[in-house]
Amino acid sequence: VWSPPQKKRGRPSKKSKEGKEELVKSPLLLCIRICGSVAKLILEKMEGLNDDDTIDMDDPLAKMFCGLFLSLGAHIRHDLADGVKASPSFEAASEEASKELLQLFSTRNEGAGYASTAELITTDSIVRQVLAHFFSRGASKEKMSWEVTVPSLLQARFLWLALSSYSDLMNTKTVSSDKSNLSMMMDLLLHQMQMYNKGSKKGGTFQSEVSFLGEACKVYLSSSAIITDRAEFERTIVDLASTSANVSYEAITMPIIASQLNPKTSKKHNAVPGGTVSALIHACLHPNASKEGVLRILAILSEGVKAHMDSKVARGCIIPTFALLSHSVREIRERTLELLEQYPSIVNNDDGNIMSDICSKVTDRSSPLRSSLVMDGANTLPQLLSQMALPSGMASSNLASVQKFLIESCKSSALREENKDLFNISGCQAAAVILSSMEKAGEAAFPLSKRWEFAGKDILEALLNYESKHNCNDDEPLSLPSPLGQLRDTVLSMLKGVLVNEAQGGDDGFNIQISVGPSSTGRRMRSYSIGASDSFTTLVPYPEDMLQAILNALSPSRASSPISLSKHVVQLVISRQSWENGVFPKLSTKSKKDVASALLSLRTQENDELAGSALQSLPLKLPDFIHLLEEVDASKSEIDQAAVVFITDCIRGNLDVLGTSSTSNISNLSSKLFDQLLLLSSTKTCAIEGGDSGGRDYTRVSILQTLLAIHAQYKDQLSKAPGSSAGSSKHGSSSKRKRSRSHSDVGNLSKTLASQANLLVGLVGGNVSEIHALN
């Protein structure tokens, strides 16, 4: 291990031939050459390594290679050096380290190597992996624990070399919009900011470093790639505000974030509803936002919001600001209330009257509601929304307009104004929080039909379009941002059709919804309570567009999408008792058949066990099972065979709860099962090569078991002749036409029974010419 060359004090040595030869043979240069040679050997040893391969950072050789690489780079002089004229030994070490690095990668870049170390650092894929491992925003302290230790001074010097290289790269127009380079640049900047402490101010280069880092951040935030990517802009704001180094925040990031409110800077973000003010407020809801980062952003907004917010901006900010009232940190809720106090003086249009009214409910310092929000924002927010929308809290003439304003604002927060199929990720979290609170506020305040009409329907349509664009069968599917997942679950909860007739979490606090479903942590969440039985009812009639949304989401083609709409519709809607027993039985016959068919397709085509369980739990009747059997042909494919097996399993499991069925329905179901059995067994319709397959035999056995169960359960009804009834003996004077029809039915029944008997005999080997016998 060595340290970088330092400027020697005292009289400089005279230049001479002997001095140059002595310099060439110095221990420092010899160490640099040795490191270059060892790194070259390691690189050659790492088999199959090319531009597309990744480095296994757990490999001891890879760790040693990265350590040697950083150490070599740390000795290269760069444009951001301290400005002191370098000694001959420093220059010699820099030249030698640069030569070794370029030689190390001489066979890369399609064999052409690299012209400079700057090109190497910003272009080569191996170098980018090393940079990401050491300096990315996701790099942990554990990653810095190497078996081959790289001194912190060398790491710091290499970091400045990388910063210098990427800074030069960003100044070229051809790559200034490259997101991968921009992201790496910001990772390096943030890492360097974390290195400062109070003692850093005493350094002679601190001010020049701060100036460089600040300008580099401005270049990043003003690049076209970041301006058009709101999610990345918000993420960067959060990262800048959340820096753990107070010195860096005060000297670098606070001025940068505040400068984004400047009218000239904000004008670049006009494509974003609400400009940068809205983006900064939404950034407070980012999943990665820390307590310190949110408080810093809110402090900056409180000082500059009046000067840079108008009525349009205020409308775009109202929902995320309200959502911050549910934050778990009390200080953040207090700062949010202070920010809301400024809103009424800003608005001045038609929406302004509504916003002034609703903000006054929050900001009234004499109201007990304000203190409740400070103490427990999440549980008080539904009560706040209820007071905003109910006639008791506002003139009844304004009720509909307030409801529509707040619900549509949720939709505007989640969907981008320029493209309704794209989502504002942080806005999704705000919309999910408020829409969920609206549900708890009660049906009187925010009716389900209006929440669906003004927001839910369009958001779900956008989710379906998002799913279609991202539907894939790749080994590594795209991960779904957690705020989008929260919004998805909130909107899908509307499809349950449950009406909350009493506000939840109100003054009595008695009625709390019983819920079972996935929590934000991914574990199963349950909440139980005791309440009045009439606190919850279901929507009647169930809207056609809600039913169509369910059917669209249940399409098997969506099963591989990262958003998993089909899975969550089954889990959060169809499997819920409120939907199974309150909505499904009241649907039309056709609608019930469509839902059952969609679930069957998911179970058999996508092997979705949740869909199968949901189908088994639905209160299906015999006509529903008959319809399902009519849609499959067990002789065509293994999927159809699996469908028949599943249907027969459901029939056997539901015989006791199917209720009293007409003789015709029972006979029809029996006939449909015999039809499927014949399709699988007939030598004409099912040509089997090399003997029957186990799958077909299994299907036929399942059908036979079901037929046996049906005939045992409904033996008395099936034994009656067609057309006979309890009252037939009372009508001795029936017409000849009725007698003729009855005799005809008996004749058809005899033929049917004979055919079925022949099939059963054939299954045991009695008619091998027509029927494949069971193995």
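Could you check the simple spin-label distance between Ser769 and Met375, using points 7 Å along Cα→Cβ, in nm with one decimal? Each label point is offset 7 Å from its Cα along the Cβ direction, giving 9.1 nm.
Using the Cβ atoms and a cut-off under 9 Å, what net charge is assigned to the surroundings of Ile346, where Lys and Arg are +1 and Asp and Glu are -1?
Values: positive: Lys306; negative: Asp310.
Net local charge, Ile346 excluded: 0.
Using the Cβ-Cβ distance between Ser671 and Ser479 with R0 = 45 Å, the FRET efficiency computed as 1/(1 + (r/R0)^6) comes to roughly 0.35.
Computing the accessible area with a 1.4 Å probe over protein heavy atoms, can you report the carbon and sulfur percentage for the stretch 318-384? Let's see the in-between values first.
Numbers: 1110 of 2710 Å².
After summing per-atom areas, the C and S share lands at 41 percent.
Sorted on the mean count of surrounding Cβ atoms within 10 Å across their residues, most packed first, peptides 581-592, 437-448, 624-635 read 437-448, 624-635, 581-592. Please report the net charge: other residues with Cβ closer than 13 Å to the Cβ of Asn758, K and R +1, D and E -1. My count for the surroundings of Asn758 gives 0. Sorting 54-64, 112-122 by average packing, meaning the other beta carbons within 10 Å per residue, from highest down gives 112-122, 54-64.
The values are calculated or read from the model by the stated rules, or taken from the named source; none is laboratory data. The model shown is predicted, which means the values in this text are computed figures rather than measured ones. A quick note on method: Cβ atoms are made from the backbone with ideal geometry, for glycine too, and the neighbour counts reach across all protein chains shown. For accessibility, only protein heavy atoms count, side chains too; no ligands or nucleic acids. Shrake-Rupley method; radii C 1.70, N 1.55, O 1.52, S 1.80 Å.
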